[in-house]
Amino acid sequence: MKPSRAKCSFCDKPATVELRYAGKVFCKEHFTRMFWKRVRRTIANNSLIEPNDILGLALSGGKDSTACLHVLHRLLRSRPNTKMIAITIDEGIAGYRAKSVRIAAKNCKALGVRHEVVSFKMEFGKTLDRIVKTADGRKTGYSPCAFCGVLRRYLLNKAAKKFGCTKLVTAHNLDDESTTTLMNVMRGDVSRMGRLGPKVGTGKWDGFVQRVKPFAEIPEKESALFGLLTGIEADYSTCPYAGRSFRGSIREALNGLESRYPGVKFSIAESANKISEAVKEKASGRPKSCSRCGELSAEGVCQACRYIDMVS
Ligand code: SF4
C-alpha cells in the first residue's frame, strides 16, 4: 500500500499510496480525488440516491460508516431535496460498542445530522453479550456474529421504516462484498447472492427498505485511509467477537489471495453482481410476513424471532 519515494502517477508530489491492482501510486490529493470519483460513479451508475429520498444511514461509528456519513453529508449539500438520518444499533457489547456510539453521536452533532440510537436491549430485552452467553450455554453452535448479523439487519430495517426512510444506506465495502460472496458459495447458499451488489431490494415491498451501498467498490484499506487522510474521527478498534467468526477466516484468506493476485476482490465482487442479478430475476415473488412480529420473512417465522426463541 505504501510506495517508497516514488512520485504520484498524476503529479510531481511524493506518492503516499500504492494501489497494486491499478498499477499506480497516488499523492494524498489524487488519492482522495480518485476515492470521491469512485463513490460518485457507484452512486450514479446504480441510482443509489434519488430526488426526495430520505436516507437512513447505518452508522456504527467505525471507520467505514463514519467515512460514509461525511461523504454523504457533503454530497447531499447539492441535493437539497434529499435528507439523511443516521441510525446506530447498540448491540450491547461490553468494552466495545459504547465508545463507537459516542463517536457516532459526536460526528452527527458536528455535521448537524439527526441521530437515532436503537438497542438490542430495548428491542429484544437482552444485550448481545447476554444472547451469546445463553447460546454458548445451550450449545446452539451459532457464532456471536450469526446472532448479531441477523438481529442487527432486522432492527435496521425496522428503524428505517419507523423513521420514514426510503433507503437504508450501509457502508459495506468491496472486502465485505467479496467475503460475503465466498461465504455464500462455501455454504451453498445461492439465494443470498441476491443480497449482493450496490443496490438490494426493489423498494416495492412495504416491509423491506431498499438497501444501498455507496462503498461497494471501495477496498476496505482505502476507506480506512480516506478517513485517516481527511481527519475523520472514527473508532478503529475491533469487536471482541470478530475472531470467532467464519467471516474473519474468509477475510484473512481473501487478503492473502489479494496480495498474490492484486485485483482478485474486484473480480469476485463483479462475478457476484452478475449472479445477484440472475437470482433477483428468479426470486420475484412477494415474501411472506412473519407470523410473530409481522416483518417480512422468507418463511413463516422470521430468522430474528427464531434466534430470540433460541436464547429465551
Ligand atoms: Fe457483531 Fe460479529 Fe460484527 Fe461483532 S464482529 S459487531 S459480533 S457482526
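The values are calculated or read from the model by the stated rules, or taken from the named source; none is laboratory data. Just so it is clear, the structure is predicted and the values come from calculations on it, not from any experiment. Neighbour counts are summed over all protein chains in view; Cβ atoms, including those assigned to glycine, are modelled from backbone coordinates with ideal geometry. Only protein heavy atoms, including side chains, enter the accessible area calculation; ligands, DNA and RNA are left aside. Shrake-Rupley method; radii C 1.70, N 1.55, O 1.52, S 1.80 Å.
Within the option set Val117, Val17, Val39, Val113, being surrounded by 15 or more Cβ atoms within 10 Å (Cβ to Cβ) and within 16 Å of the ligand (Cβ to nearest atom) holds for one residue only, Val117.
Listed here are the residues, each with its yes/no results for (1) open to solvent by less than 60 Å² (accessible area, probe 1.4 Å); (2) within 13 Å of the ligand (Cβ to nearest atom).
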site: Ile89; (1), (2): yes, yes
site: Leu128; (1), (2): yes, yes
site: Val132; (1), (2): yes, yes
site: Cys148; (1), (2): yes, yes
site: Arg152; (1), (2): no, yes
site: Asp175; (1), (2): yes, no
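Counting only strands (runs of 3 or more DSSP E) wholly contained in region 1-116, the ones carrying 1 or more residues that are free of Cβ contacts under 8 Å to residues at least 60 places away in the same chain and within 22 Å of Ala216 (Cα to Cα) occupy 17-19, 24-26, 83-90. Looking only at residues in region 177-188 that are closer than 15 Å to Ala146 by Cα and out of contact with any helix residue (DSSP H, G or I) (no Cβ under 7 Å at 6 or more places or on another chain), the one that is least open to solvent (accessible area, probe 1.4 Å) is Thr180.
Against the numbered list (1) open to solvent by 20 Å² or more (accessible area, probe 1.4 Å); (2) farther than 19 Å from Cys302 by Cβ, Lys167 comes up short only at (1).
Yes/no matrix, rows are residues, columns are (1) part of a loop (DSSP other than H, G, I, E, B); (2) open to solvent by 70 Å² or more (accessible area, probe 1.4 Å):
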{"site": "Glu222", "(1), (2)": "no, no"}
{"site": "Gly227", "(1), (2)": "no, no"}
{"site": "Cys239", "(1), (2)": "yes, no"}
{"site": "Leu254", "(1), (2)": "no, no"}
{"site": "Phe266", "(1), (2)": "no, no"}
{"site": "Asn273", "(1), (2)": "no, no"}
{"site": "Lys280", "(1), (2)": "no, no"}
{"site": "Cys293", "(1), (2)": "yes, no"}
{"site": "Ser312", "(1), (2)": "yes, yes"}
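Across region 189-201, which residue is surrounded by the fewest Cβ atoms within 10 Å (Cβ to Cβ) among those that are in contact (Cβ under 8 Å) with a residue 24 or more places away in the chain and within 18 Å of Val212 (Cβ to Cβ)? Of everything passing the filter in region 189-201, Arg195 is surrounded by the fewest Cβ atoms within 10 Å (Cβ to Cβ).
Ala159: part of a loop (DSSP other than H, G, I, E, B), in contact (Cβ under 8 Å) with a residue 12 or more places away in the chain, touching a strand residue (DSSP E or B) at 6+ places or on another chain (Cβ under 8 Å) and open to solvent by less than 40 Å² (accessible area, probe 1.4 Å), yes or no? So Ala159 does not fit the description; no. Within region 237-259, residues that are among the charged types (D, E, K, R) have Cβ atoms under 7 Å from residues that are within 11 Å of the ligand (Cβ to nearest atom) and in a helix (DSSP H, G or I) in these pairs: Arg244/Pro144; Arg247/Cys145, counting only partners at least 6 apart in sequence or on another chain.
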